[in-house]
Each structure stands twice: as C-alpha cells, then as structure tokens.
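Below is one structure, written out as structure tokens, with a few remarks after it.
The values are calculated or read from the model by the stated rules, or taken from the named source; none is laboratory data. In this text, all values refer to a predicted model and were calculated from it rather than measured experimentally. As a convention, Cβ positions derive from the backbone with ideal geometry for all residues, glycine included, and neighbour counts pool all protein chains shown. For accessibility, only protein heavy atoms count, side chains too; no ligands or nucleic acids. Shrake-Rupley method; radii C 1.70, N 1.55, O 1.52, S 1.80 Å.
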Amino acid sequence: ITLGILDASFDSLFVMTEQCIIEMVNATSCEMFGWTEEEFVGQNIRMIMTSNVATKHDEYVSRYLTTGINKMMGTQREVVAQRKDGSTFPCVLGLSKCRKSGMICGFIRYLSAVMAS
C-alpha cells in the first residue's frame, strides 16, 4: 500500500542516503526526469542537477556531514532541474531527513504546472 501511495503522488520523491545515493524513487520521478527506477537507484542525486549546481553539490553535502550545519534540510527552494535528455525545468525542491532511518527525502514539484493552475 505504501508504495502505491508514493506512486500516486503528483510530486517526485527521491529517498537517498546521507551521501545522496538514491535508494528509492516514485513513478512521478521517472515520468518527470525520463530515467527508469533501475537507472536511478544506486546513483548520486547529482544526475538531476544542472552542471553548475552539481559541481558544488558534493561540497555542500560534505560540509553538512562534517559540521552538522543545515542550510537546506527542512526547507523548500526554487531550483532548476535537468532531465535525462538534458532539458531543464523550474521546480520547487523540498528536503527533509527521516528521523528513524537517517535517510533524506527529496520532494520535487514541477513549478510550471503549479504556475499554470
């Protein structure tokens, strides 16, 4: 039932390790970005970032893991994401940390769809 609920979401969901390795995605993630679940799982979340953000991403993660200073967890911000075909789109990214597992959940809402409604 839980996976069915996640797949019914209008937003993309990524569940990642603290090192940002993707452990799980929902169906919307695959539709929105053009990769299959098998292509996503085991990869770094950088794969959906534009190159200018992806190059800085490891530094941000390293700083968070080393210092514990949190600038993004529990917040939302507008970003530009990149699909498998290289096209980009505006979206809202929200990140939260699961208390029990320590996994990171990323929620992505396609901003153009929100603006159109």
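Quick notes
- A 1.4 Å probe run over region 23-117, with the rest of the protein chains in place, finds 62 Å² accessible per residue.
- Under 12 Å, Cβ to Cβ, from Trp35 - net charge with Lys/Arg +1 and Asp/Glu -1: -3
- Between Ile21 and Thr67, the contour length at 0.36 nm per residue exceeds the Cα-Cα span by 14.6 nm.
- Stokes-Einstein diffusion for region 1-76, with the hydrodynamic radius set to the Kirkwood value over Cα pairs and evaluated at 25 °C in a medium of 0.890 mPa s, equals 182 µm²/s.
- Rounded to the nearest 20 debye, the dipole magnitude of the chain is 520 debye, with +1 charges on Lys and Arg beta carbons, -1 on Asp and Glu beta carbons, and the Cα centre as origin.
- For the chain, the residue among Thr75, Gly34, Ser101 whose Cα projects farthest onto the positive side of the dipole built from Cβ charges is Thr75.
- Surrounding net charge for Leu13, when Lys and Arg each add one and Asp and Glu each subtract one, Cβ distance under 13 Å: -4
- Using a Gaussian network model of the chain in which every pair of alpha carbons under 10 angstrom is joined by a spring, one finds that among Met72, Met49, Met103 the greatest mean-square fluctuation is at Met72.
- If you take all other residues with their beta carbon under 13 Å from the beta carbon of Val92, and give Lys and Arg +1 and Asp and Glu -1, the sum is 0.
- Each peptide in 35-43, 52-60, 9-17, 22-30 receives the mean, over its residues, of other Cβ atoms within 10 Å, and ordering these scores from highest gives 22-30, 9-17, 35-43, 52-60.
- Over the chain, Cα pairs under 8 Å with separation of 6+ residues give a relative contact order of 26 percent.
- Fully extending the segment from Val53 to Lys84, taken as 0.36 nm per residue of separation minus the present Cα-Cα distance, adds 9.6 nm.
- Projecting the Cα atoms of Val61, Met49, Leu111 onto the charge dipole of the chain (Cβ charges, centred on the Cα centre) puts Val61 farthest toward the positive pole.
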